[in-house]
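Have a look at the structure below, then the notes.
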Amino acid sequence: MEWEPVIGLEIHVQLLTNSKIFSGASIAYGAPPNTQACAVDLGLPGVLPVLNKEVVRMAVKFGLAIGAKVSTRSIFARKNYFYPDLPKGYQISQYELPIVEHGHLDIELEDGTVKRIGVTRAHLEEDAGKSLHEDFHGLTGIDLNRAGTPLLEVVSEPDLRSAKEAVAYMKKMHSLVQYLEICDGNMQEGSFRCDANVSIRPKGQKAFGTRAELKNINSFRFVERAINVEIERQIDILEGGGEVIQETRLYDPDKNETRSMRTKEEANDYRYFPDPDLLPVVIEEGFIEDVKKSLPELPDEKIHRFTQDYGLNAYDASVMVANRDMAEYFDAVAQATGEPKAAANWVMGDLTGALNKSGQEINDSPVTAAMLAGMINRIKDGTLTSKTAKIVFEAMWNGEGEADQIIEAKDLKPISDTGAIEKIIDDIIAANPEQVEQYRSGKEKVFGFFVGQVMKASKGKANPQQVNELLKRKLAG
Amino acid sequence: MALSKEDVVNIAHLARLAIDAKDIPEYEKNLSNILALVEQMSQVDTTQVEPMAHPLDAVQRLRPDEVTETDQREHFQSIAPATENGLYLVPKVIE
């Protein structure tokens, strides 16, 4: 039987604020344990949560960016469960009336078609603390620094049909939240985490199968692998006549398998109710309008501009746009040179290669956008050939200055002096009588040999077009 | 809607309350009475009434995104039963 996977993702986006969602404690990563856990975060008696305005602004920004309905009235609820890293015994979250509903994100499939993935809702909530299960004399250590960190939980519709689609959606979301500057996207530090709901059904069947929830898959590679092994596991069960149980499963990357988290099974009765400590959040239309004006150019708009105005192909444009810093770098070079294709080739080729090799981000590149543009302008005006440009790029990368300085210092100016080139050509013709004979007897392929020799002798500084013309004339005898 | 003995046991477990088995019939009766009252209230036609999220007719105040809290770990941990290396220690939750 042919099976069709049905996948929905819940992505936890950690919002890039200074302070927590309901308290004035810092959310800076990596502080010593419990030094950023205040009375509110600890759930001490008598404290009152007060909502962070920036958190609301970021959620609204996100909602607008995915074409969603931003609720002018939303409420917070208590999600009740007991766990030591949740000192209050409930997580403040949103249940009814979330801040964002009914949005969508378009992903591009491998065959180039675009698929629209629904976003059911995005709601605000606080993160829990961290449990450290290493041995503390048989006890568990609790660090509550993360408790109260603002999260936006983005819940997709079950619109995804393969692990690849799920990864494409997750990558697109990852790029979007960074464009919006509402999340740093750091997956290693847990700023962008994903749970996946996975089920399968016979192809053609309308009703969904029973789903398993895969928890906390914290890299794009693991998402794809976790979903694929889970699909295989479910197929094996169903084809063996068994039944999939609805449960939470944890992906183990070392064994490449998912396994049941039995301990949390019973905890699924959360008894949500409106949090009496928090009043309804009312967002004025004017506030939404202000946020709308602050929206940057979004990835899809950028891709459109790069393909339409700059003539990049769809693939290059999407690679470029996936990273906002890279897109802005490229944009700057393209504008300063009027040569978007050359800019794209250098950014995606030599520059990306050098960055990968040194393990640096584009913002730390020793070759700035202005420097690269300066170099491309020298290619454009004929000062540099493709060969000498590579020398200049390498020198700029090694901190030897800007293109013009390097051209001067390394004496890379083209030999425009016809006499000098003629001299080189004469020498080469004299040194290779055999090839000259071949050419003159009709073997035109030998021409390339001469061009190569001349370029070599001129250290790449001769203008190829000029070389062609002169060579042809001289070889004709 | 009357609650069963199992419902009472489950509710107590969710709230992490230890109850005496001999008190269960009493809880069954009392909790069922509350539900009966809710059921009675459900008879009222509320189609024209907006659901109330909070008894106060006010809206949430928002605070600026500023770090205002300082590190008071030592102070807070002075009342904790067990700490080590800045961590609160609790009975192990995962086997």
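Counting only residues that are open to solvent by 100 Å² or more (accessible area, probe 1.4 Å) and in a helix (DSSP H, G or I), how many does the range A:230-250 have? Residues that pass the stated criteria total 3.
Here is a yes/no grid of residues against (1) modelled with pLDDT of 95 or more; (2) farther than 27 Å from residue A:279 by Cβ; (3) among the β-branched types (Val, Ile, Thr); (4) exposed (fewer than 10 other Cβ atoms within 10 Å of the Cβ):
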| residue | (1), (2), (3), (4) |
| --- | --- |
| B:3 | no, yes, no, no |
| B:7 | no, yes, no, no |
| B:13 | no, yes, no, no |
| B:20 | no, yes, no, yes |
| B:23 | no, yes, no, no |
| B:35 | no, yes, no, no |
| B:54 | no, no, no, no |
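Screening A:456, A:445, A:423 for residues that are open to solvent by 40 Å² or more (accessible area, probe 1.4 Å), under 18 Å from residue A:384 (Cα atoms), without any contact (Cβ under 8 Å) to a residue 12 or more places away in the chain and not assigned by TED's automatic domain parsing to the domain that holds residue A:383 leaves exactly one candidate, A:456.
The single condition among (1) modelled with pLDDT under 95; (2) out of contact with any Ser or Thr (no Cβ under 9 Å at 6 or more places or on another chain); (3) open to solvent by 40 Å² or more (accessible area, probe 1.4 Å); (4) facing another protein chain (nearest Cβ under 9 Å) that residue A:1 does not meet is (4). Of the residues A:267, A:317, the single one that is small (Gly, Ala, Ser), at pLDDT below 90 and under 30 Å from residue A:74 (Cβ atoms) is A:267.
Which of the residues spanning the range A:209-223 are of a type outside the set (A, V, I, L, M, F, W, C) and part of a helix (DSSP H, G or I)?
So in the range A:209-223, the residues of a type outside the set (A, V, I, L, M, F, W, C) come out as A:209-211, A:213, A:215-216, A:218-219, A:221.
The answer is A:221, and nothing else.
Listed by first and then second residue, the pairs with beta-carbon distance under 6 Å, at least 6 apart or on different chains, first residue in the range B:70-82 and closer than 14 Å to residue A:142 by Cα and more than 10 Å from chain A (Cβ to nearest Cβ), second surrounded by fewer than 16 Cβ atoms within 10 Å (Cβ to Cβ) and modelled with pLDDT under 95, form an empty list.
Can you find a residue that is out of contact with any strand residue (DSSP E or B) (no Cβ under 6 Å at 6 or more places or on another chain) and crowded, with 21+ Cβ neighbours inside 10 Å anywhere in the range A:351-360? Yes, that holds for at least one residue.
Taking the conditions (1) open to solvent by 10 Å² or more (accessible area, probe 1.4 Å); (2) more than 9 Å from every other protein chain (Cβ to nearest Cβ) in turn, residue A:150 satisfies each one other than (1). Among the residues of this structure, residue A:111 counts as one that is modelled with pLDDT under 90 and part of a loop (DSSP other than H, G, I, E, B). Restricting to the range B:37-89, count the residues that are in contact with a Lys or Arg (Cβ under 7 Å, 6 or more places away or on another chain) and in a loop (DSSP other than H, G, I, E, B). Final tally of qualifying residues: 3.
Scanning the range A:21-34 for residues that are open to solvent by less than 30 Å² (accessible area, probe 1.4 Å), within 7 Å of chain B (Cβ to nearest Cβ) and touching a residue at least 40 places away in the same chain (Cβ under 8 Å) gives A:23, A:25, A:34.
The values are calculated or read from the model by the stated rules, or taken from the named source; none is laboratory data. It should be emphasised that the depicted structure is a prediction, and the values quoted were computed from it without experimental measurement. Positions of Cβ are backbone-derived with ideal geometry, glycine not excepted, and every protein chain shown enters the neighbour counts. The protein model used for the area step is the full one, side chains on, heavy atoms only, and it has no ligands, DNA or RNA in it. Shrake-Rupley method; radii C 1.70, N 1.55, O 1.52, S 1.80 Å.
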